[in-house]
Amino acid sequence: MPENSFPSSHRLLKSDDFNAVFDQRDYSVSNKSILVLASRNSLGFNRLGMIVGKKSLPHAVDRNRMKRHIRECFRHMNQIGLDVIALVRPSIRDTSYKKPREMISLLLHSLEEKSSRD
């Protein structure tokens, strides 16, 4: 049975980790609602950081749901050694309930394609 956990070792937790991705990003994919930045790491597995602000989704329920969608899509991503930041923009409010998961999956898939070309 596959494990569905998301351990803290696979998360970007420190501000230095976030700043490293912002300053030295290798890959960037986006649409009008979500920006995904990534940089290579030497760990051999992916790590995820999320930025879902109150301006983007005012209700905590919606922010938590968005984070669950992002985590689940990220969990299915190939382990290629990337530090990934998903930044949710305020225009996410204009999308339907089911659409964010599709958008995240497409963005992460295109990120995998970009990184595999190198």
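The values are calculated or read from the model by the stated rules, or taken from the named source; none is laboratory data. Note that the structure is a prediction, hence the values are computed from the model and not measured. Virtual Cβ from ideal backbone geometry, glycine too; neighbours counted across all protein chains shown.
Brief remarks follow.
- Taking each residue of region 106-118 that is under 17 Å from ARG47 (Cβ atoms) and looking for partners that are assigned to a helix (DSSP H, G or I) and modelled with pLDDT of 85 or more with beta-carbon atoms closer than 8 Å, six or more apart or interchain, yields LEU108/CYS73; LEU108/PHE74.
- So SER39, is it under 13 Å from the mean Cα position of the chain (by Cα) and loosely packed, with under 15 Cβ neighbours inside 10 Å: no
- Complete set of residues in region 1-36 that are at pLDDT 85 or above and in a loop (DSSP other than H, G, I, E, B): LEU12, LEU13, LYS14, GLN24, ARG25, ASP26, ASN31, LYS32, SER33
- Single match in SER39, SER5 (criterion: of a type in the set (Ser, Thr, Tyr), touching an Asp or Glu at 6+ places or on another chain (Cβ under 6 Å) and free of Cβ contacts under 8 Å to residues at least 60 places away in the same chain): SER39
- Qualifying residue in region 15-29 (condition: among the aromatic types (Phe, Trp, Tyr) and in contact with a strand residue (DSSP E or B) (Cβ under 6 Å, 6 or more places away or on another chain)): yes
- Test result for ASN64, touching a strand residue (DSSP E or B) at 6+ places or on another chain (Cβ under 9 Å), within 19 Å of ASN4 (Cβ to Cβ), among the polar types (S, T, N, Q) and surrounded by 18 or more Cβ atoms within 10 Å (Cβ to Cβ): no
- A count restricted to region 72-118 and to residues that are of a type in the set (Ser, Thr, Tyr) and in a helix (DSSP H, G or I) stands at 5.
- Filter pass, LEU48 being part of a loop (DSSP other than H, G, I, E, B), within 19 Å of SER5 (Cα to Cα) and touching a residue at least 24 places away in the same chain (Cβ under 8 Å): no
- Among the candidates SER39, SER28, SER15, residue that is closer than 11 Å to ILE85 by Cα, among the polar types (S, T, N, Q) and out of contact with any helix residue (DSSP H, G or I) (no Cβ under 6 Å at 6 or more places or on another chain): SER28
- The sole residue among SER56, SER91, SER39, SER110 that is modelled with pLDDT of 85 or more and out of contact with any Lys or Arg (no Cβ under 8 Å at 6 or more places or on another chain) is SER110.
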